[in-house]
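Working notes for the structure below.
What follows is calculated from the coordinates using simple rules that are stated; it is not laboratory data. Since we're looking at a predicted model, the values are computed, not measured. Don't worry about glycine lacking a Cβ; one is built from the backbone with ideal geometry, like all the others, and counts go over all protein chains shown.
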Amino acid sequence: MKKIFYIIHKNIKIIILILLFLFLRLYHFEDSLNFGSDQGLELLKIHEIYTTGKLTLIGPPSSFVQEGRFFFAGPVVYYMLIPPLAIAKFHPFAVSYTLILFQLISLLTVYKVLQKKWPKTLMPLLFVLIYIFTPLIVEYSRFQWHPNFIIPLSGIIFALILKLSYTNKLNNLILLLIGILLGLGMQIHYSFILSLFASVISLVLILKSPKLNFILVFLGFIIGFFPLLLFEIRHNFYNLSTIWQYFTSSKGTLSGKRPMDYYFFGLVPFAVYIISYALEKVRKINKNLLLILFALYLLWSLNKILPVPDRGFSLPQYWNFQALKKVENIILSQNRKNYNIVDVLTGDTRAMALRYLLTIEGSLPLDVTEYPYAQYLFVYSKVPINKILKGYLWEIDSIKPVKVTKTWNINKDINLYLLEKDKPLKKIIK
């Protein structure tokens with residue numbers, strides 16, 4: 001027991017920091033969790049890989065669209081998430097906990113390296129506190145989305161680059177590992193290219209013989225990027241030609257969230273490091289000024305993070321994972337066969353998030369192409385059902401005429417409706 005207390009006492013600062021990190025990310029976790037179309041689609045694909053055993057060389061398509069051609073990410077996140085999801089029986093929380101753990105490992109890695117790089121300064125502590133309390137980093141650590149994995153991955157790469165600046169031990173191994181991680185990052189999302197550039201520039205400034213050392217980095221990159229490289233070779237450089245057409249044509253489109261939401265994720269550790277360095281300079285000039293600046297920052301951050309949200313992150317008002325689970329449980333309790341689901345709430349009419357939850361429970365709706373063959377439709381929306389039925393929505397129109405047989409209130413003005421085909425489906429007689 002004395003040994004345990006000694007270990008706790010010796011590491012009390014890092015324990016407090018870890019607890020702060022976990023508290024801010026798990027506080028109101030279910031209320032703020034973003035579980036929507038993107039999450040449903042990706043988890044359905046991971047579930048398919050696991051259940052069928054069919055491996056893939058590509059991940060989800062990105063927001064690049066060029067005349068019907070998509071730019072595909074790599075499969076690394078799919079394979080990374082299979083073990084935790086399998087252990088948790090494919091509960092979506094397993095993904096969030098994995099991402100939070102990944103961020104924590106990344107942060108602790110940077111912290112340990114900074115302690116070596118900047119001893120007897122507040123740089124390590126400032127870096128960790130800024131990272132822990134920044135609302136954007138907190139929000140994007142809670143849910144499954146490919147770009148979210150860039151922040152912790154870039155942190156580990158940043159730590160390895162910093163380590164090269166003060167040690168000559170295992171340099172070749174570190175350089176190879178940096179290359180592998182850069183390759184994995186480019187698998188995750190194209191926006192990682194900014195982190196790639198920042199890492200290369202940092203290595204050029206640090207390394208004494210950059211040309212020789214970059215051979216190891218390049219070799220590592222090929223290893224980390226290999227699945228997508230193999231896909232490119234097998235498919236006539238599909239991604240590369242898509243990018244080329246995108247930038248040489250006026251018909252390409254870029255959809256998705258605002259660029260500021262994720263384009264700069266790979267630069268987060270670099271930015272936090274620069275801010276920490278500037279604050280350390282402020283401390284040397286005026287400690288009280290540093291305290292005032294940091295206190296104001298903490299107050300602003302906590303005001304953003306602590307209030308109970310009225311929706312999941314980026315979801316419609318009053319809609320979150322708890323509401324989605326309520327819809328799922330009602331559908332399961334009805335035990336209908338030959339049914340499908342329609343989302344007239346979030347913009348994803350095929351309801352991929354709900355489709356995933358029902359799939360892992362073994363209550364599979366009909367396929368997204370089979371709406372005309374459904375006998376029942378479960379529809380959830382804020383819009384009254386009579387207005388929905390008067391409008392045009394293929395998923396519903398394809399089985400009309402229909403009648404509303406049941407209604408459930410889910411949350412505030414969000415309702416779930418059970419529609420039944422007014423006339424039984426006729427069997428085709430051959």
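Here are the numbers for the structure shown:
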| read-out | value |
| --- | --- |
| Full-stretch length increase - Gln334, Ala295 - with 0.36 nm per residue and alpha-carbon distance subtracted | 8.8 nm |
| Along each principal axis, Cα extent of the range 74-205, largest first, Å | 44, 29, 25 |
| Tyr27 paired with Phe70, simple spin-label distance in nm, labels 7 Å along Cα-to-beta-carbon | 3.7 |
| Radius 11 Å from Cβ of Leu389, net charge of other residues (Lys, Arg +1; Asp, Glu -1) | +3 |
| Which of Leu126, Ser62, Ala94, positive extreme of dipole for the range 2-305 (C-beta unit charges) | Leu126 |
| Whole-number D in µm² s⁻¹ for the range 321-421, Kirkwood Cα-pair radius fed into Stokes-Einstein, 25 °C, 0.890 mPa s | 184 |
| Whole-angstrom gap from the range 291-352 to the range 25-100, using each part's C-alpha centre | 17 |
| Expected 222 nm ellipticity per residue - DSSP helices of 4 or more, -39500 (n - 2.57), all of the chain, to 500 | -18000 deg cm²/dmol |
| Potential extension, Thr167-Ser314 segment - 0.36 nm per residue separation minus Cα distance | 48.6 nm |
| Folded to 0 to 90 degrees: helix 238-248 orientation relative to the chain principal axis, Cα | 90 |
| Extension gain (nm, one decimal) between Ile274 and Leu125, 0.36 nm per residue minus Cα-Cα | 52.3 nm |
| Computed FRET value (nearest 0.05) for Ile105 with Asn303, which takes r as the C-beta separation and R₀ as 25 Å | 0.30 |
| Most positive-pole-ward Cα, Tyr140, Ile330, Ser276, against dipole of the chain from beta carbon charges | Ser276 |
| Percentage relative contact order, the range 321-421, counting C-alpha pairs under 8 Å, at least six apart | 29 |
| Taking the C-alpha atoms of the chain, convex hull volume expressed per residue in Å³ | 208 |
| Nonlocal amide H pairs with Arg336, under 5 Å, H built at 1.01 Å | none |
| Student exercise, the chain dipole from Lys, Arg, Asp, Glu Cβ charges, in Debye to nearest 20 | 960 |
| Listed peptides 110-118, 19-27, 46-54 by packing density, highest first (mean Cβ within 10 Å) | 110-118, 19-27, 46-54 |
| Estimated vicinal HN-Hα couplings, Hz - the range 325-333 in sequence order (Karplus 6.51, -1.76, 1.60; Gly, Pro = x) | 5, 5, 4, 4, 5, 5, 4, 4, 5 |
